[in-house]
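Visitor: Let me begin by handing over the structure; questions about it come next.
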Amino acid sequence: MGFRYDIRLSGSGGQGIILMGIILAEAVGIYEGRYVSQTQSYGPEARGGSSKAEIVISDTEIDYPKAIKLDMLLAMNQKSCDDYYMDLKPEGILIVDSTFVKQLPVARVYQIPFTRIARERFGKEMVANIIALGAITKLTDIVSPKSMEKAVFARVPKGTEKLNREALNVGMAEAIKAKKNILPFMRSEREDEDT
């Protein structure tokens, strides 16, 4: 069995979740040369309804394109955190937008206020998704910052490169800060006995 990494990005319509999924899939597939599949779904009410994008990354051909057990979950609102955290592997990475996610289902969570940072630092909530992509780049190590930046620039409107580069860099810096505040995985008693 080869390497497989399952990701779900989730939130509500209007938060740019689908675009995030496309950018992340292209960063890994086009610029890193790995096998990748990307699927998406959103509620009938689009803006404000539920939205999710799934990315499966592998070093071999992907036989099933949907995420099964998540290695990483990004929840940009409380509902998506509540709905999907049970799909996360025990050692999986949970990243939340702490602007909206206040009730945490587990103790080990990366909490970054993506939307608040976008509002306060850039005056534009719409870059919250790019800030989140910067954080994912540093928290997962599945894609290099260079590949992520290339994929972002290929998808954002011309003339917004400087804004989006800054948003990515802020996300990466916030991820480094968040790593310092995360609880380590609890070791099992059996591991303690072995040492």
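Visitor: Could you check region 139-165 and list, in sequence order, the residues that are assigned to a helix (DSSP H, G or I), basic (Lys, Arg) and farther than 23 Å from TYR35 by Cβ? Before you say what the answer is, go through the steps one by one.
Guide: Residues of region 139-165 that are assigned to a helix (DSSP H, G or I), as a first pass: 139-140, 145-155, 161-165.
Applying the additional criterion that residues be basic (Lys, Arg) yields 146, 150, 155, 162, 165.
Residues satisfying the conditions are LYS162, ARG165.
Visitor: Quick one: in region 116-148, of everything that is among the polar types (S, T, N, Q) and surrounded by fewer than 23 Cβ atoms within 10 Å (Cβ to Cβ), which residue is farthest from ALA27 (Cα to Cα)?
Guide: Taking the candidates together, the pick is THR140.
Visitor: Looking for something at pLDDT 95 or above, assigned to a strand (DSSP E or B) and out of contact with any helix residue (DSSP H, G or I) (no Cβ under 7 Å at 6 or more places or on another chain) - is there at least one such residue anywhere in region 100-110?
Guide: Taking every residue of region 100-110 in turn, none turns out to be at pLDDT 95 or above, assigned to a strand (DSSP E or B) and out of contact with any helix residue (DSSP H, G or I) (no Cβ under 7 Å at 6 or more places or on another chain).
Visitor: Report every pair of residues separated by at least 6 positions or lying on different chains whose Cβ atoms are under 8 Å apart, first residue within region 45-66 and at negative phi and surrounded by fewer than 21 Cβ atoms within 10 Å (Cβ to Cβ), second part of a strand (DSSP E or B) and at pLDDT below 90.
Guide: Filtered contacts from region 45-66: GLU45/GLY13; ARG47/GLY13; GLY49/GLY13; GLY49/TYR42; SER50/GLY13; SER50/TYR42.
Visitor: Considering only region 1-95, give the strands (runs of 3 or more DSSP E) lying wholly within it that have at least 2 residues that are more than 22 Å from ILE131 (Cβ to Cβ) and at pLDDT 90 or above.
Guide: 4-12, 35-42, 50-58
Visitor: Of the conditions (1) out of contact with any strand residue (DSSP E or B) (no Cβ under 7 Å at 6 or more places or on another chain); (2) surrounded by 13 or more Cβ atoms within 10 Å (Cβ to Cβ), THR39 satisfies every one except a single condition; which number is it?
Guide: Exception for THR39: condition (1).
Visitor: Can you name the residue in region 82-94 that is closer than 25 Å to ARG116 by Cβ and in contact (Cβ under 8 Å) with a residue 60 or more places away in the chain and, of all such residues, is surrounded by the fewest Cβ atoms within 10 Å (Cβ to Cβ)?
Guide: Looking at residues that are closer than 25 Å to ARG116 by Cβ and in contact (Cβ under 8 Å) with a residue 60 or more places away in the chain, I get ASP83.
The values are calculated or read from the model by the stated rules, or taken from the named source; none is laboratory data. Treat the numbers as computed from the prediction; the structure is a model and nothing was measured. With ideal geometry, Cβ positions are generated from the backbone for all residues, glycine too; neighbour counts draw on all protein chains shown.
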